[in-house]
Amino acid sequence: MKSLDITRNHMVHIYKRKVDLRSKFRGAVFLDRDGVIIEDVNYISSISDIKLVKGIKKSLEYFTGLGVKIVVVTNQSGISREFFDWNKYEQITDKLIEYLGSKVMITAIYANGYKDQLSSKGWRKPEPGMLIDAANQLKIDLTRSILIGDRLSDMKAATRANIKHIFYLPGANQCEMRESISERVDSNGYFFDSNLKARLGVLNSLEDIEMDKIIEIIK
């Protein structure tokens, strides 16, 4: 069942299922969409451009099987830029869910359509608004959660939301992004943003995820 909410330039899809209600995990798995779940093609607006990132389906099937809450948080400034609209975004979302298959249960998808930062509590990453609202609405302990992202803004948003374990998945041609992130990592392997920090893991692919360690974090 899908519950849809549009507020100003935000959209939330909450997929209510029994597995979410009886989850034994306090934390959740948060993921960016473009570059983590699907290949980043810059302002995707056509179903024909959807291609799942290698390893994502198997990883999400594993988390679903254990009853872990899976939450997608995505910046979609193409809406404010008028490259596409919310109807087109929904078509992409519906097809993405279809491609992931029946063994994957996404708990919720939070999308921000603004291209500018409106406040320190806003939804546009690197601000933590989507993560904080998701935690409040879905009863998630952010300190027991993880986030997987492919951009500096993902790492900052998670750290500002008090997520303690973050994973960076470099995409194609992201040497400059990798360098920017490495400049914010201390000698103990913690990513820092102002006075906040989180343990950083770098993934060459989603197949590098050590599932047992993730489960230990979020339980």
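Each value in this text was obtained by applying a stated rule to the coordinates, not by laboratory testing. Nothing here was measured: the structure is a model prediction, and the numbers come from that model. Here the Cβ positions follow ideal geometry from the backbone for every residue, glycine too, while neighbour counts run over all protein chains shown.
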Query raised in the report: Applying the Karplus parametrisation 6.51 cos²θ - 1.76 cosθ + 1.60 with θ = phi - 60° to the phi angles of segment 32-49, what ³J(HN,Hα) value in whole Hz is obtained for each residue in order, glycine and proline being reported as x?
Result: 6, 9, 6, x, 10, 8, 10, 4, 7, 10, 6, 6, 4, 9, 10, 4, 5, 8
Query - Computed E for Asp116/Ile215 - FRET, C-beta separation, R0 45 angstrom, nearest 0.05 - result: 0.75
Report task. Work out the length of the dipole vector of segment 2-218 about its Cα centre, built from +1 on the beta-carbon of each Lys and Arg and -1 on the beta-carbon of each Asp and Glu, and round it to the nearest 20 debye. Result -> 820
Query raised in the report: How much length, in nm to one decimal, is gained on full extension between Glu90 and Asn162, taken as 0.36 nm per residue of separation minus their Cα-Cα distance?
Result: 23.0 nm
Requested in this report: Quick one: which residues, 5+ away or cross-chain, put their amide H under 5 Å from the amide H of Gly201? H built at 1.01 Å from N.
Outcome: Ile166, Phe167, Tyr168
Query raised in the report: Relative contact order for segment 49-108 using alpha-carbon pairs under 8 Å, separation at least 6, rounded to a whole percent?
Result: 52
**Report entry** Peptide ranges 55-66, 158-169 listed from the most packed, as the mean C-beta count within 10 angstrom indicates
**Finding:** 158-169, 55-66
Query - Lys/Arg +1, Asp/Glu -1 at C-beta; segment 2-218 dipole; positive extreme among Leu60, Ile148, Ile209 - result: Leu60
Query raised in the report: Which order, highest average first, do 194-206, 24-36 follow once you tally other Cβ atoms within 10 Å for each residue and take the mean per peptide?
Result: 24-36, 194-206
Report summary line: Distance in nm between Arg178 and Leu52 label points, each 7 Å along Cα→Cβ, equals 2.6
